[in-house]
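The values are calculated or read from the model by the stated rules, or taken from the named source; none is laboratory data. The shown structure was predicted, so the numbers you read here are calculated from the model rather than taken from an experiment. Positions of Cβ are generated from backbone atoms using ideal geometry, with glycine treated the same way; all protein chains shown enter the neighbour counts. Note: areas computed on protein heavy atoms with side chains; ligands, DNA, RNA excluded. Shrake-Rupley method; radii C 1.70, N 1.55, O 1.52, S 1.80 Å.
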Amino acid sequence: MPFRLEPERTFRHALAQTGAEAGEPGAKIGLWVCSGSPLVAEIMAGSGADWLLIDTEHSPNSLESVLAQLHAVHGYPVLPMVRLPWNDVVLIKQYLDLGAQNLLIPMVNDAEQARAAVAAVRYPPHGVRGVGSALARAARWNRIPDYLARADETISLAVQIETSEAVENVEEILAVDGIDAIFIGPSDLAASMGYLGQQEHPDVIQAVERCLAAAQEAGKPAGVNAFVEATARRYIGAGARFVLVGADVAILARSSEELALRFSQTAAKSAGDDGDRPASY
């Protein structure tokens, strides 16, 4: 008999199970996967994080490398999300077809752009997604029964709020049917506000918290990127339902630097102590 599969739960479903009403308080804690390495992705998948964001906007990733990373993290108790490089109907179709179920679309500034993203993830007559399920991993090559009719339930769509324009339009973006969540990017948001590299600026934090409040009012989950622990905890307290708190490449860079520095300082101290000893010692 041919093998038949059921679709896995999406990020939307997982977020619906988070919250005091669902008996699961707190935010979903996530980590960036930016290395382009399936091996590193698998290591991150076993970290205990709730979700991973595989990035294709600022990272050396392609369709092939994202597919390999989705394979690598499958089977771990972690939800992978893929951030696309742009809000593009062809890219969205390709990443959906290779089996990415949870998409994050960057630089969505208004309701029209949000509606375009929604249309790109839906088949006609409700959208413009091209039909190729028989050829695609998304449908497991038609081993998921009735995939075309059920495709919407297998997909979670979040859009990124990361400009001052998007903040001004956040309520209308949240009102778009098919937008499951928003994710706030303080780095680009700070730059658009004239505070390049100042994600901790009070005006930036205020803008982030405005978006979090708007999402709560709309009844939709909001997430945010926050590598500073105190800021991450502040945003969680303000209603953030999912938070990225670190990245594979940053963790490797800072941890390797700290380890090397610790031992180089020890070696330097040891050499200095040797130099203080009498020659006859």
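So the values come out like this:
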{"read-out": "Qualifying residues in segment 21-54 (those that are modelled with pLDDT under 95 and in a loop (DSSP other than H, G, I, E, B)) - the one farthest from PHE183 (Cα to Cα)", "value": "GLY23"}
{"read-out": "Test: residue in segment 244-253 that is touching a residue at least 60 places away in the same chain (Cβ under 8 Å), under 18 Å from LEU15 (Cβ atoms), within 17 Å of the chain's Cα centre (by Cα) and part of a strand (DSSP E or B)", "value": "yes"}
{"read-out": "Among residues of segment 180-194, those that are open to solvent by less than 10 Å² (accessible area, probe 1.4 Å) and over 15 Å from the mean Cα position of the chain (by Cα), counted", "value": "2"}
{"read-out": "Residue match in segment 208-218 (condition: touching a Ser or Thr at 6+ places or on another chain (Cβ under 7 Å), open to solvent by 20 Å² or more (accessible area, probe 1.4 Å), over 20 Å from LEU103 (Cβ atoms) and not hydroxyl-bearing (Ser, Thr, Tyr))", "value": "no"}
{"read-out": "Subset tally (residues that are farther than 19 Å from LEU98 by Cβ, more than 12 Å from the chain's Cα centre (by Cα) and either open to solvent by 40 Å² or more (accessible area, probe 1.4 Å) or of a type in the set (Ser, Thr, Tyr) (or both)) for segment 41-68", "value": "5"}
{"read-out": "Any pair with Cβ under 8 angstrom, 6 or more apart, that starts in segment 174-189 at a residue that is farther than 21 Å from ALA120 by Cα and of a type in the set (S, T, N, Q) and ends at one that is outside any loop (DSSP other than H, G, I, E, B) and at pLDDT 95 or above", "value": "SER187/ASN225"}
